[in-house]
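Visitor: Please see the structure below; I have some questions.
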Number of protein chains: 2
Amino acid sequence: MNKLELHIKQEGTVLGENVLKVDSFLNHQVDPELMQYIGQAFAKLFAEEGVTKLLTLESSGIAPAVMAALEMKVPLIFARKRKSLTLKDDLYTEQVYSFTKQEVSEVSVSRKFLSSQDRILIIDDFLANGDAALGLAGIARQAGAEIVGIGIVIEKAFQPGRQKLIDSGYRVESIARIASLSDGKVQFATSDIID
Amino acid sequence: MNKLELHIKQEGTVLGENVLKVDSFLNHQVDPELMQYIGQAFAKLFAEEGVTKLLTLESSGIAPAVMAALEMKVPLIFARKRKSLTLKDDLYTEQVYSFTKQEVSEVSVSRKFLSSQDRILIIDDFLANGDAALGLAGIARQAGAEIVGIGIVIEKAFQPGRQKLIDSGYRVESIARIASLSDGKVQFATSDIID
């Protein structure tokens, strides 16, 4: 059991068959040393890929992704979920359906930060149906960038996200993979990071 | 000129008298080594305060705050700007007006992550009118926690935020302080971090 799986086992709360609450260390309260562990794991998994930039989605992707960016010594871009006053023109935009919030939002990245020379690693906190990751991939593809892979903190392996991303041609690596949340219990599938 | 001031001078874009765009290293694209520098600076400034938790606001506060949290070896909480499906009950909530977005939003923190035993350091990316920081302080006060100070990445020193926070009894430390954005130029005031 790796360090993230241990946190999930000890602190995660199962809210029904599909929802795992990890707000004590990932997406509301954040454990910075665990984020560093996750960032180092992504850096190791994608060390040979010549990554030039990381791309994630606000807000919960930022903490693990900035730690990976520090380890890999490349910039991080976090896609915005809606337009703000200081971030308006010249955007790459995709529509993304949020499983958690059950709504469609527009995610966007300023064109000036992505180019066809970039080799992009996408990072996200959860993988369920794959919509957020596919939205980020769509943004990178609009820029003509190469997508070297998708790094997921917690994958719900019983949902179709991983297969959809693999079918789209992307390499997927997850630090924790949940096989099932049935009967209020977390069952893990084999992770891409063992120790 | 410290490392953050140098980034602002070289990469910041002045958009009118009040708006400084720093989306190439802070609030859209993120420079992780600069975030580490900022995190270490906050850790040094508040080293004697016995901080138990950091509190920031999604999204742009997360990257500098998680680096400070790593350095200080304490958890970070990022307040949410609205309620989501997995984060609904038992919240401390405050109304906050966003200068950038020119709208009011509700920010909230789960009650279980704050207690009267906590010594809270508030971190935010920008200080202009002080509304976001006062909202975070209001949340910590609802919990009966002690607020040891407010760490700001970029302070617009020509706006009333700092004085409002000081008048409310809070210690304020900023890594970069902007004296003026007139004539399309950034003029710095003396920062709380020199080197």
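We did not get these values from a lab; they are worked out from the coordinates using the rules stated. Note that this is a predicted model, so its numbers are computed, not measured. Counting neighbours? That spans all protein chains shown, and the Cβs are built from the backbone with ideal geometry, glycine included.
Visitor: Counting partner chain Cβ atoms within 10 Å of every residue's Cβ in A:52-63, what's the average?
Guide: Averaged over the peptide's residues, the number is 4.
Visitor: At each listed q (0.17, 0.18 Å⁻¹), what is the log10 of I(q)/I(0) that the Debye formula gives for region A:52-195 modelled as equal alpha-carbon point scatterers?
Guide: Results for region A:52-195 at q = 0.17, 0.18 Å⁻¹ read -0.93, -1.03.
Visitor: So who's got an amide H within less than 5 Å of the one on residue A:55, skipping anything under 5 residues away but keeping other chains? H placed 1.01 Å off N, in plane.
Guide: Hits under the 5 Å cutoff: A:77, A:121, A:122, A:123.
Visitor: If the label for residue A:6 sits 7 angstrom from Cα along the Cα-to-Cβ line, what are its distances to the same label in every other copy, in nm to one decimal, shortest first?
Guide: 3.9
Visitor: Then there is this: Mind putting together the pair-distance distribution for the protein assembly as shown? All Cα pairs, 10 Å bins, whole percent per bin, short to long.
Guide: So the P(r) values, bin by bin, are 5, 24, 35, 25, 9, 1, 0.
Visitor: Further question on the same structure: To check you understand DSSP bridge types, tell me what percent of the beta bridges within chain A (both residues inside) are antiparallel, rounded to 5.
Guide: 40
Visitor: On to the next question. Using mean Cβ contacts within 10 Å as the protection proxy, how do B:184-191, A:186-193, B:38-45 order, highest first?
Guide: Peptide ranking by packing, descending: B:38-45, A:186-193, B:184-191.
Visitor: Further question on the same structure: Considering only Cα-Cα distances, which of the following residue pairs are longer than 18 Å: A:81/B:81; B:44/B:164; A:53/A:101; A:53/B:9; B:21/B:81; B:53/B:164?
Guide: Where the Cα-Cα span goes over 18 Å, the pairs concerned are B:44/B:164; A:53/A:101; A:53/B:9; B:21/B:81; B:53/B:164.
Visitor: About the Cα centre of chain B, what is the dipole size in debye to 20, counting +1 per Lys and Arg Cβ and -1 per Asp and Glu Cβ, all else neutral?
Guide: That gives a dipole near 400 debye.
Visitor: Going 7 Å from Cα along the Cα-Cβ axis for the label, what nanometre distances separate residue A:44 from the same residue across the other copies?
Guide: Distances to the matching label points in the other copies: 3.2 nm.
Visitor: Taking residue A:188 in one copy and the same position in all the others, each labelled 7 Å out along Cα→Cβ, what are the pairwise distances from the first, in nm, shortest first?
Guide: Once sorted, the set of distances for residue A:188 reads 4.6 nm.
Visitor: Show me B:113-125, B:14-26 ranked by packing, highest mean number of other Cβ atoms within 10 Å first.
Guide: The packing order, highest mean first, is B:113-125, B:14-26.
Visitor: Then there is this: Under 5 Å between amide hydrogens, which residues at least 5 positions from residue A:178 or on another chain qualify, with H placed 1.01 Å from N in the peptide plane?
Guide: Close amide H contacts, sequence-distant or interchain: A:155, A:156, A:157, A:189.
Visitor: Let me ask you something else. So for region B:75-157: antiparallel DSSP bridges make up what percent, rounded to the nearest 5?
Guide: Taking every DSSP beta bridge with both residues in region B:75-157, the antiparallel ones total about 55 percent.
Visitor: Quantify how strongly other chains surround peptide A:12-20 by giving the mean number of their Cβ atoms within 10 Å of each of its Cβ atoms.
Guide: Other-chain Cβ atoms within 10 Å of each residue's Cβ, averaged: 1.
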